Amino acid sequence: MGWLRLGALAFALLALVAGGLQIAAFVSNGFVRHAVVGGFAIAVGCSVLGAVVASVLRSRR
């Protein structure tokens, strides 16, 4: 796995963790802003993770 793929994987995991923490903050205090930011971060993390998986699978063919 190249450096760019590793960087993308690290970014995806960071976005998923940040999104999870934002959702946890929303559950604990009820500010809707946390839910919006958390949902966006999780969506970005899933998108980048999907691109990494597709890239790795494509390179193994």
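For the stretch 1-60, relative contact order (Cα pairs under 8 Å, six or more residues apart, normalised by length) works out to 43 percent.
A prolate overall shape is assigned to the chain, the ratio a/c of its alpha-carbon gyration tensor axes (a ≥ b ≥ c) being 1.5 or greater and a/b exceeding b/c.
Phi angles of the stretch 14-29 translate, via the Karplus equation with coefficients 6.51, -1.76, 1.60 and θ = phi - 60°, into HN-Hα couplings of 5, 5, 5, 5, 4, x, x, 5, 5, 5, 5, 5, 5, 5, 6, 10 Hz per residue; Gly and Pro are given as x.
Across the stretch 49-59, computed HN-Hα scalar couplings (Karplus, 6.51 cos²θ - 1.76 cosθ + 1.60, θ = phi - 60°) run 4, x, 5, 5, 4, 4, 5, 5, 5, 5, 6 Hz from first to last residue, x flagging Gly and Pro.
Every read-out reported here was derived from the displayed coordinates using simple, explicitly stated rules and does not represent laboratory data. Predicted model, so just to flag it, every value in this text is computed and none were measured.
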